[in-house]
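In what follows, a structure is listed as structure tokens, so that the remarks can point back to it.
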Amino acid sequence: MVSAVGPGVSTPRVGDEVVALLEGGGYAERVVVRAGQVLAAPDGVDLVDAAALPEAVCTAWTNLVDTAGLTAGEWVLVHGGSGGVGTVAIQLATALGAHVVATAGGPERAARCVGLGAVAGLDHRRDDFVAGVRSASAGHGADVVLDVVGAKYLPDNVRVLAPGGRLVVIGLQKGRRGELDLGALMSKRAQVTGTTLRSRTPEEKAAIVGAVGEHVWPMVAGGQVRPVVHARLPLAEAESAQEMLSSGEAFGKVLLLP
Ligand SMILES: NC(=O)c1ccc[n+]([C@@H]2O[C@H](COP(=O)([O-])OP(=O)(O)OC[C@H]3O[C@@H](n4cnc5c(N)ncnc54)[C@H](OP(=O)(O)O)[C@@H]3O)[C@@H](O)[C@H]2O)c1
């Protein structure tokens, strides 16, 4: 809830229930955030669960739509479909009319990605995702790859791209330096991009937040995009929350309650 606003701020107002895209520093009872990075809490979702949405939705939206230019009918590979970003990216891409293949660690987690709307879920510990995407898409490949893994997946991410495909790297969990087959990129007329939300200017962040409010909040209210919350823990148990994430136990977000 908004407890105070600065001079000249008309929206939000004191007392509004809101969510926000923070600069960082979210492990706190109160935060200061630019007005342009605040959104009214979405309809149809518990206010606490809504905290799972802003960072994940802004990341999924800006990378799938602004950067990759995803359109209805295209094929998307979402790596880490079991994660905070991935659970939202699957639902968002599906709501936009795309066909999603998602990777996750283990068959049960892969199956849960299908439950979120993916056409197919692949176990990244055992399955060959290039073969898996080709099989699901009848040989077409991925028009868009949203990657949270980085260097380890770079060669196969390029291999799996369809002609005109776009690879967007947003995470570097398995390294930052890899080998890029420029010939494959040229023959497919493909693109490789990397982005971070954190490095964007306040104006860019406000534009992303505004687009999310306009385009994604109605999907949330309509039930097409839901927060996926693995657990709620008291702020004092932040270490256990981190452990849930790093051990691969969590599916979706872990929320810390002040
Ligand atoms: N660039 C940006 O603007 C931006 C914004 C937000 C987040 N991020 C980054 O994006 C990444 C994901 O964020 P998150 O919040 O979703 O984190 P998270 O909730 O901790 O999820 C991590 C995900 O990565 C998956 N993963 C780990 N190793 C994998 C592998 N070898 N193959 C496929 N998937 C693998 C995990 O799958 P399993 O647990 O099922 O194995 C899990 O789904 C992080 O690196 C984060 O820093 C970037």
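Worth a mention:
- The lone exception for Ala93 - which of (1) crowded, with 24+ Cβ neighbours inside 10 Å; (2) among the small types (Gly, Ala, Ser); (3) over 26 Å from Val119 (Cβ atoms) it fails: (3)
- Subset of region 16-30 [out of contact with any helix residue (DSSP H, G or I) (no Cβ under 6 Å at 6 or more places or on another chain) and more than 20 Å from Thr59 (Cα to Cα)]: Asp16, Ala28, Glu29, Arg30
- Subset tally (residues that are surrounded by fewer than 20 Cβ atoms within 10 Å (Cβ to Cβ) and either under 19 Å from the mean Cα position of the chain (by Cα) or among the aliphatic types (A, V, I, L, M) (or both)) for region 150-161: 1
- Residue list for region 109-128, filter: within 25 Å of Val57 (Cβ to Cβ) and either away from the ligand (no atom under 16 Å from the Cβ) or more than 17 Å from the chain's Cα centre (by Cα) (or both): Ala111, Val119, Ala120, Leu122, His124
- Within this structure, Ala131 fails the test of being closer than 19 Å to Ala60 by Cβ and either in contact (Cβ under 8 Å) with a residue 40 or more places away in the chain or surrounded by fewer than 19 Cβ atoms within 10 Å (Cβ to Cβ) (or both).
- Selected residue (only one of Val220, Val130, Val209 is of a type in the set (A, V, I, L, M, F, W, C), assigned by TED's automatic domain parsing to the domain that holds Ala95 and in a helix (DSSP H, G or I)): Val130
- Of all residues in region 50-86, those being within 16 Å of the ligand (Cβ to nearest atom) and surrounded by fewer than 17 Cβ atoms within 10 Å (Cβ to Cβ) number 1.
- Hits in region 1-23 - residues which are closer than 30 Å to Leu146 by Cα and assigned to a loop (DSSP other than H, G, I, E, B): Leu21, Leu22, Glu23
- Meets criteria (under 19 Å from the mean Cα position of the chain (by Cα), within 15 Å of the ligand (Cβ to nearest atom) and in contact (Cβ under 8 Å) with a residue 40 or more places away in the chain) for Val220: no
- Residue within region 177-185 that is in contact (Cβ under 8 Å) with a residue 60 or more places away in the chain and either within 21 Å of Ala60 (Cβ to Cβ) or surrounded by fewer than 19 Cβ atoms within 10 Å (Cβ to Cβ) (or both) present: no
- Among the candidates Gly26, Gly80, Gly36, residue that is farther than 23 Å from Ala236 by Cβ, small (Gly, Ala, Ser) and either assigned to a loop (DSSP other than H, G, I, E, B) or in the same structural domain as Ser135 (by TED's automatic domain parsing) (or both): Gly80
- Qualifying residues in region 163-176 (those that are surrounded by fewer than 20 Cβ atoms within 10 Å (Cβ to Cβ) and away from the ligand (no atom under 16 Å from the Cβ)) - the one nearest to Val192 (Cα to Cα): Gly164
- Of the residues examined, Gly69 is one that is touching a residue at least 24 places away in the same chain (Cβ under 8 Å) and in contact with a strand residue (DSSP E or B) (Cβ under 9 Å, 6 or more places away or on another chain).
- Of all the residues in region 223-258, those that are free of Cβ contacts under 8 Å to residues at least 12 places away in the same chain, more than 10 Å from the ligand (Cβ to nearest atom) and not hydrophobic (A, V, I, L, M, F, W, C) number 3.
- Residue among Leu180, Leu185 that is away from the ligand (no atom under 11 Å from the Cβ), over 24 Å from Ser82 (Cβ atoms) and part of a loop (DSSP other than H, G, I, E, B): Leu180
The values are calculated or read from the model by the stated rules, or taken from the named source; none is laboratory data. As the structure is a prediction and not an experimental result, all values here were calculated from the model. Glycine gets a Cβ as well: all are built from the backbone with ideal geometry, and neighbour counts include every protein chain shown.
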